[in-house]
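The values are calculated or read from the model by the stated rules, or taken from the named source; none is laboratory data. Just so we're clear, the structure is a prediction, and the values are computed from it rather than from any experiment. Quick reminder, even Gly has a Cβ in these numbers, built from the backbone with ideal geometry, and neighbours come from all protein chains shown. We work out accessible area using only protein heavy atoms, side chains counted, and drop any ligands, DNA or RNA first. Shrake-Rupley method; radii C 1.70, N 1.55, O 1.52, S 1.80 Å.
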Amino acid sequence: MTVPPPSHTPTRSDGALARRRLLEAALQLFADKGYQKTSTREIADAAGVNLGSISYYFGDKPGLYRAVFCESFCDATAAPDILQARDCLPDPATSRLDPDAALAAFFLNFLHPLKQGALIRLVMRLHFRELVEPSGVMGSEMDDDLADLFRNMSRLISQRLGLDTPDADTLRLTHAVLGMAMHFFVAQELVDQVSPELVAQPESIDVLAERLAGWASGAIDAEARRRNTCGDTI
């Protein structure tokens, strides 16, 4: 007579694994499709767990979405936490860095998550997707964070141009400079398709940050020359 193997009894480690699978599956699907177009059934199937696990671990779909945003996907001993956007650029009003050094620090800090592996890249891709396709779950925290970064960058550029306060052209240039860095998160699939070598290694990302800082500085210098020649801003 063949004795059937004993049934498996779920353990604490099984629960931790199921929860982790849900987080990783949700991250991939939310980043690829967005919050509204991703169903809880898809997430559960991709994670290989039953649908009720989402309610058990996260309460509901919004709870899972918030967890994907707020929980760490990296080993804290191997990589530092992802900075908030506002923390990537020292406040020009209090920083002792000269504008060029502050600009270089911004690009190094902002692009740093690209060094932390595929999961962190997905996290950043999801964060930027939330900006262009708001889920309604996260409130205004991300918008406020980037608005603070924008204000700091516009102050830095104004400082370089010898202005007390930003004017319209300073604001235009601020959007352009920030866009140089944001492109590598918003357009990750394009970057990976046409120029993967630019972000393939930590060293290549450092070179990218250095080049972007130099080109941004050059754009600010070009605006200074334009002002000296034309003397007009609109």
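Mind checking which residues of the stretch 84-134 are closer than 19 Å to Ala147 by Cα and assigned to a loop (DSSP other than H, G, I, E, B)? Matches in the stretch 84-134: Gln84, Leu89, Pro90, Asp91, Pro92, Ala93, Thr94, Ser95, Glu133, Pro134.
Residues of the stretch 82-113 that are touching a residue at least 60 places away in the same chain (Cβ under 8 Å) and under 16 Å from Gly214 (Cβ atoms): Pro99, Asp100, Leu103, Ala104, Phe106, Phe107, Leu108, Phe110, Leu111. For the stretch 199-213, residues that are open to solvent by less than 70 Å² (accessible area, probe 1.4 Å) and assigned to a helix (DSSP H, G or I) total 10.
Can you confirm whether the stretch 129-142 contains a residue that is open to solvent by 30 Å² or more (accessible area, probe 1.4 Å), in contact with a Gly (Cβ under 8 Å, 6 or more places away or on another chain) and closer than 18 Å to Gln84 by Cα? Yes, the stretch 129-142 contains at least one residue that is open to solvent by 30 Å² or more (accessible area, probe 1.4 Å), in contact with a Gly (Cβ under 8 Å, 6 or more places away or on another chain) and closer than 18 Å to Gln84 by Cα.
Residues in the stretch 31-51 that are touching a residue at least 40 places away in the same chain (Cβ under 8 Å) and assigned to a helix (DSSP H, G or I): Ala31 alone. Only one entry of Asp192, Asp164, Asp143 meets the criterion of being outside any helix (DSSP H, G or I) and on the phi < 0 side of the Ramachandran plot, and that entry is Asp164. If the condition is being at pLDDT below 95 and out of contact with any Phe, Trp or Tyr (no Cβ under 9 Å at 6 or more places or on another chain), then the stretch 167-183 contributes only His183.
Does His183 satisfy the criteria of being in a helix (DSSP H, G or I), touching a residue at least 24 places away in the same chain (Cβ under 8 Å) and either open to solvent by 70 Å² or more (accessible area, probe 1.4 Å) or not aromatic (Phe, Trp, Tyr) (or both)? No, not satisfied.
For the stretch 214-234, filtered to residues that are among the hydroxyl-bearing types (Ser, Thr, Tyr) and assigned to a helix (DSSP H, G or I), the residue that is most open to solvent (accessible area, probe 1.4 Å) is Thr229.
Selection of the stretch 186-198 for residues being among the acidic types (Asp, Glu) and surrounded by 13 or more Cβ atoms within 10 Å (Cβ to Cβ) yields only Asp192. Inspection of the stretch 133-146 identifies at least one residue that is within 13 Å of the chain's Cα centre (by Cα) and among the hydrophobic types (A, V, I, L, M, F, W, C).
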